[in-house]
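Please treat every number below as a calculation from the coordinates, not as lab data. Just so you know, these numbers come straight off a predicted model, no measurement behind them. No Cβ is skipped: glycine too gets one built from the backbone with ideal geometry, and neighbour counts run over all protein chains shown.
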Amino acid sequence: QLAIDKHNAANPGCQVQLKPFDTEGDPQKATAIAPQIVDDQYTIGLVGPAFSGETKATGGVFDQAGLVAATASATNVTLSENGWKTFFRGLANDGVQGPSVANYLKNTLGHKKVCVVD
């Protein structure tokens, strides 16, 4: 919202709105909401979906509609293997995150054993 406010203040002739949708991270709810987003002629893209399951469920819909979907948190490896041309993420996928953490713990911090508590 801060970026939108800054943009709108600097560009009075090109105002942008943020329209929130709550999928609760549920793939079924995301699938039900996706057509509302796609059918809105003023929507040019979306920030999200937030979770991998809902991204997997809706990625094809957004791609087919030509809507950019930029997620900051969906990390499933296969999401970038679907051929979607409008899907982007701003973080490493699960296949990179785990090994990177292990490498850091071993090579930077010198740990030889790790315990994961779930």
>> If the elastic network links every pair of Cα atoms under 10 Å, which of 13, 53, 45 fluctuates the most in the Gaussian network model of the chain?
In response: 13
>> Please list, by residue number, every one of the chymotrypsin sites (Phe, Trp or Tyr not before Pro) in the stretch 39-118 that is coil in DSSP and has at most 14 other beta-carbon atoms within 10 Å.
In response: 42
> Taking the stretch 27-118, which trypsin sites (Lys or Arg not before Pro) meet the DSSP loop condition and have no more than 11 other C-beta atoms within 10 Å?
Replying inline: 85, 112, 113
> Name the GluC sites (Glu not before Pro) in the stretch 1-85 that are in a loop by DSSP and that have at most 13 other C-beta atoms within 10 Å, would you?
Replying inline: 24
> Where is the GNM fluctuation largest for the chain (alpha-carbon springs, 10 angstrom cutoff): 70, 57, 102?
Replying inline: 102
>> Charges on Cβ only, +1 for Lys and Arg, -1 for Asp and Glu, centred on the Cα centroid of the stretch 2-92; of 52, 20, 4, which one is farthest towards the dipole's positive end?
In response: 4
>> How charged is the neighbourhood of residue 54? Take every other residue with its Cβ under 15 Å from the Cβ of residue 54, and add Lys/Arg as +1 and Asp/Glu as -1.
In response: -1
> Which far-off residues, 5 or more places away or on another chain, put their amide H under 5 Å from the one on residue 68, with H placed in the peptide plane?
Replying inline: 46
> With each run of n ≥ 4 DSSP H residues scored as -39500 (n - 2.57), what mean residue ellipticity at 222 nm is computed for the chain after dividing by its residue count and rounding to the nearest 500 deg cm²/dmol?
Replying inline: -12000 deg cm²/dmol
> Relative contact order of the chain: what whole-number percent is it, with Cα pairs under 8 angstrom and at least 6 residues apart?
Replying inline: 17 percent
>> Multiplying the sequence separation of residue 42 and residue 24 by 0.36 nm and subtracting their Cα-Cα distance, what value in nm do you get?
In response: 4.1 nm
> For labels at residue 2 and residue 32 in the simple 7 Å Cα→Cβ model, what's the distance in nm?
Replying inline: 3.4 nm
> Near residue 21, within a Cβ-to-Cβ distance under 15 Å, what is the net charge of the other residues, with Lys and Arg +1 and Asp and Glu -1?
Replying inline: -4
> Which residue, 16, 68, 96, has the most motion in a Gaussian network model of the chain that connects Cα atoms within less than 10 Å?
Replying inline: 16
